[in-house]
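Every number in this text was worked out from the coordinates using simple rules, so none of it is lab data. Predicted, not measured: the structure shown is a model, and the values here were computed from it. A quick note on method: Cβ atoms are made from the backbone with ideal geometry, for glycine too, and the neighbour counts reach across all protein chains shown.
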Amino acid sequence: KDLVFKSRMRLFKDVYSIAASDKHVFIVEGQSQALITAYDHSGKEVGSFGDRYHIDPYNGEGPITFRTYDTVYHLSNLVYGQNRVYFISQMLGDIFVYAEDGRLLKKREFLEEQRIINNKKVLLSSGLPDLKTIGANSRIFGDAQWAGGYIYALVFQMHKKGSEIWEID
């Protein structure tokens, strides 16, 4: 309210996205077991929920895991509104809707968007993809906010200058 620093919760590693409610702080963390971890406002973990994206990491030479790949798959925006947590995948274009207690309520895939279909084909195939084939400009969603009962998502345009804003109900 007065823009006065109050406190630090704790040290986190590899945080990809954050959203907060009156009771919880929700975080997508790299290399964690669940998709979203919930903390109380003092920083104590109170639960986790959601399934992370999984691929077969075998590339013909043996299993490989890299933090970079985890970042690509779980780079996201978390949005909180109406007692729901929305996970918005920046690369795969999925939106998962969870109740604040962690129950999955709904999933939406925007499969009418060709870039989403292409990203899923490359990223969800067996073996770790060459990230150079995807490219840094292949993110679908950028920032996202909750207002007035809708999600407003920044959608990057690959071959056009600028971006769109989608209003999602």
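Would you mind checking the pairs Lys44/Lys107; Lys13/Lys44; Lys23/Lys106 and listing those with alpha carbons more than 25 angstrom apart? Violating the 25 Å limit, Cα to Cα: Lys44/Lys107. Other residues lying with their Cβ under 14 Å from the Cβ of Tyr150 contribute a combined charge of 0, Lys and Arg counting +1, Asp and Glu -1. Ignoring aspartates and glutamates fewer than eight residues from Lys120 along the same chain, the ones with Cα atoms less than 19 angstrom from its Cα are Asp51, Asp56, Asp70, Asp94, Glu109, Glu112, Asp130. All other residues whose Cβ lies under 13 angstrom from that of Gln82 are scored, Lys and Arg at +1 and Asp and Glu at -1, for a net of -1. Over the Cα atoms of region 71-131, the radius of gyration divided by the Kirkwood radius equals 1.03; this is the Rg/Rh ratio.
A cut-off of 5 Å between modelled amide H atoms, ignoring neighbours fewer than 5 places along the same chain, links Gly142 with Leu154, Val155, Phe156.
Database remark: amide H of Ser21 closer than 5 angstrom to the amide H of Phe26 (H placed geometrically; neighbours at sequence offset of 5 or more, or on other chains; Pro and chain starts carry no H). Evaluating 6.51 cos²θ - 1.76 cosθ + 1.60 at θ = phi - 60° for every residue in region 145-153, the Karplus couplings come out as 9, 10, 7, x, x, 10, 9, 10, 10 Hz, glycine and proline recorded as x.
Residue-wise HN-Hα couplings along region 27-39, as the Karplus relation 6.51 cos²θ - 1.76 cosθ + 1.60 with θ = phi - 60° gives them from phi, are 9, 9, 10, x, 6, 8, 6, 9, 5, 10, 10, 9, 10 Hz; Gly and Pro carry x. Could you tell me the center-to-center distance, by alpha carbons, between region 94-128 and region 1-61 in angstrom? Answer, in whole Å: 19. Each residue of region 45-53 was assigned a 3J(HN,Hα) from its phi angle through the Karplus expression (A = 6.51, B = -1.76, C = 1.60, θ = phi - 60°), giving 5, 10, x, 8, 7, x, 8, 6, 5 Hz with x at Gly and Pro.
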